[in-house]
Amino acid sequence: MANVKFSLYGGNLTKKGAPIKLVIRKHNERKLIALGLFAKPEQWDEDNQRYKTGKSKGLHPDRFKNNEYLNRKELEAHDI
């Protein structure tokens, strides 16, 4: 079974934020997959590896839709 996580790659910060990448590790090999999603560091919950949710100002406007997308990608990655 593969180890799957999402990571915010802050070194590539743009106006939209940093890219979110899917990191898959299996048999000591690592594969990074760009998902086309971006988040600013204050919008990203590193512990849960998802967009922050709640009612705070400055949160990503599509956070719920994007979190659902991340959930689907995580399930797909576990099937690898």
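The values are calculated or read from the model by the stated rules, or taken from the named source; none is laboratory data. The structure presented is a predicted model; accordingly, all values stated were derived computationally and were not measured. Ideal geometry is used to build each Cβ from the backbone, glycine not excepted, and the neighbour counts take in all protein chains shown. Heads up: the accessible areas ignore ligands, DNA and RNA and are worked out on the full protein's heavy atoms, side chains in. Shrake-Rupley method; radii C 1.70, N 1.55, O 1.52, S 1.80 Å.
Tabulated data for the structure shown
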read-out	value
Inter-label distance for Arg30 and Thr14, nm, one decimal - labels placed 7 Å from Cα along Cα-to-Cβ	2.3 nm
Hydrodynamic radius (Kirkwood) for the chain, which is based on Cα pairs only, to one decimal in Å	13.1 Å
Cα lying deepest toward the dipole's positive end in the chain, options Asn28, Pro61, Ala77, charges on Cβ	Pro61
Pairwise label distance in nanometres, Ser56 with Asn3, each label 7 Å out on the Cα-Cβ vector	2.7 nm
Formal net charge of residues neighbouring Ile24 (Cβ-Cβ distance under 13 Å; K, R +1; D, E -1)	+3
Proximal charge balance of Lys40 [Cβ under 15 Å; K/R count +1, D/E count -1]	+2
0 to 90° range, to nearest 10: angle between helix 63-78 axis and the chain longest Cα axis	0 degrees
Calculated [θ] (222 nm, deg cm²/dmol) that DSSP helices of n ≥ 4 give over the chain, each run adding -39,500 (n - 2.57)	-6500 deg cm²/dmol
Of all accessible heavy-atom area on the stretch 3-80, the percent that carbon and sulfur account for (1.4 Å)	48 percent
Estimated inter-spin distance, Asp79 and Asp47, nm [label 7 Å along Cα→Cβ]	3.2 nm
Computed magnitude of the charge dipole of the chain (debye, nearest 20; Cβ of K, R +1, Cβ of D, E -1)	240 debye
